[in-house]
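These notes are about the structure you will find just below.
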Amino acid sequence: MATTANHFTLTLLLFGLLIVTSLDFTVGQVGVCFGRLGNNLPSVQRTLALYKKYNIRRMRLYDPHPPTLRGLAGTGIRLMLGIRDDELRDLANCPDAATAWVRTNILQHPNVTFRHITVGNEIDPDSEFGPFVLPAMQNIYRAVRTAGRAGQIKVSTSIRTDLLNTSYPPQAGEFKCSVNWYIRPIVEFLRDTQTPLLVNVYPYFAYMNDPQNINLSFALLQPNSGVVAGGVYYDNLYYAILDAVDAAMERILAAVPSLFSVFSEEMKKGGSRNPGGKGSETGWSSKGGGNTPMAADMGYTTALGDGPINTVENARIYNNNLMRIVKSGTPRRPGRPLETYIFAMYDENLKPGPAYERHFGIFLPNGQPKYPLRFR
């Protein structure tokens, strides 16, 4: 890959995937995000039939959609369930609201396999919702624990990678000082509950905004397309982004004392207090040009059409390679298979933003697969 450290750093700071270090360390897993921003999408029943037919064992759902929750009962599909941003204020300020949320959306669905609750998705720390993320996480966690489900359900939040100040080389990853007030207590909370941080990681956006300095094969996770960064070989951009966040988390945790003695003892034994990052979202658009809002904010002006980036073939290559790379750990966490979620199940014709945003689906709205993709 022909690149400079500055270009590579900027790219990693801008955009990301939700990557996940699996809690099941025996096998990598890839799920699919079920977005519903479309007026021509298959029913919940047909969607769940597709999950079963194609052996998709994990789902990310962005909010507690009652028909989907009812349909998931007894399927064994492992669910990552989101909380809407507009609920964060009440959940942060009122423990009883968190208790009610857990009762309504978790406990009333005893036959659904809940694995994660995502408290906020890519919240801007400076937004009106920023101050409410951590207290909402804490209240939801207490409600889950009181219900006796803390051993089965992890409570986390999803961040975007522009919270990083340094990302190249990945082992030098560090969060911006300006967001320390936000991210440090979240990371400490996740350490103390031994829960992965959810990180949105999109090599697609990284390449889209710097195609002169990032090799397309590296972004598509192709074999034998790796680079050496800081003396460490990286097989693909997915690993590099995840390790940068992992290093940033470790740097924060090294600067603060552990709250619970169990973690101090673990460190004495040479263990790690860092639960790592876990993915909830990644993918590649198959059609549509335009610029990302974040790219425009950073001064990128190059318009992209349906050229060599947004193609069905590239989407097929990326997602099939994703199935391969989750089997192995990253350079910072070798031997630990990954878990991540492809965005998205369908092309969503009501999704806002540039045209490419509406073409991330792996299935067409008629339920036909857009390209061959084998879930294992």
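The values are calculated or read from the model by the stated rules, or taken from the named source; none is laboratory data. Predicted model only: the values in this text are computed from it and were never measured. Neighbour counts are summed over all protein chains in view; Cβ atoms, including those assigned to glycine, are modelled from backbone coordinates with ideal geometry.
Things to note:
- Scope segment 49-87; condition more than 21 Å from the chain's Cα centre (by Cα), within 13 Å of Met345 (Cβ to Cβ) and either among the hydrophobic types (A, V, I, L, M, F, W, C) or crowded, with 18+ Cβ neighbours inside 10 Å (or both); matching residues: Ala49, Leu50
- Restricting attention to segment 162-187, the residues that are hydroxyl-bearing (Ser, Thr, Tyr) and closer than 23 Å to Gln138 by Cα add up to 2.
- Scan of segment 189-222 for residues that are within 19 Å of the chain's Cα centre (by Cα) and charged (D, E, K, R), ordered by number: Arg191
- Matching residues, segment 325-340, being in a loop (DSSP other than H, G, I, E, B) and farther than 17 Å from Pro170 by Cβ: Val326, Lys327, Gly335, Pro337
- Residue among Val201, Val232, Val262 that is modelled with pLDDT under 95, at negative phi and out of contact with any Gly (no Cβ under 7 Å at 6 or more places or on another chain): Val262
- Within segment 332-358, considering residues that are in contact with a strand residue (DSSP E or B) (Cβ under 7 Å, 6 or more places away or on another chain) and under 19 Å from Leu61 (Cβ atoms), the one surrounded by the fewest Cβ atoms within 10 Å (Cβ to Cβ): Met345
- Looking across segment 359-376, just one residue is surrounded by 19 or more Cβ atoms within 10 Å (Cβ to Cβ), within 14 Å of Ile56 (Cα to Cα) and of a type in the set (Phe, Trp, Tyr), and that is Phe363.
- Within segment 24-48, being farther than 19 Å from Glu348 by Cβ and either modelled with pLDDT of 95 or more or crowded, with 17+ Cβ neighbours inside 10 Å (or both) holds for Gly28, Gln29, Val30.
- Among the residues of segment 25-35, just one is of a type in the set (A, V, I, L, M) and assigned to a loop (DSSP other than H, G, I, E, B), namely Val27.
- Filtered residues of segment 138-157 (kept if more than 14 Å from Met249 (Cβ to Cβ) and buried (at least 18 other Cβ atoms within 10 Å of the Cβ)): Gln138, Asn139, Ile140, Tyr141, Ala143, Val144, Ile153, Lys154, Val155
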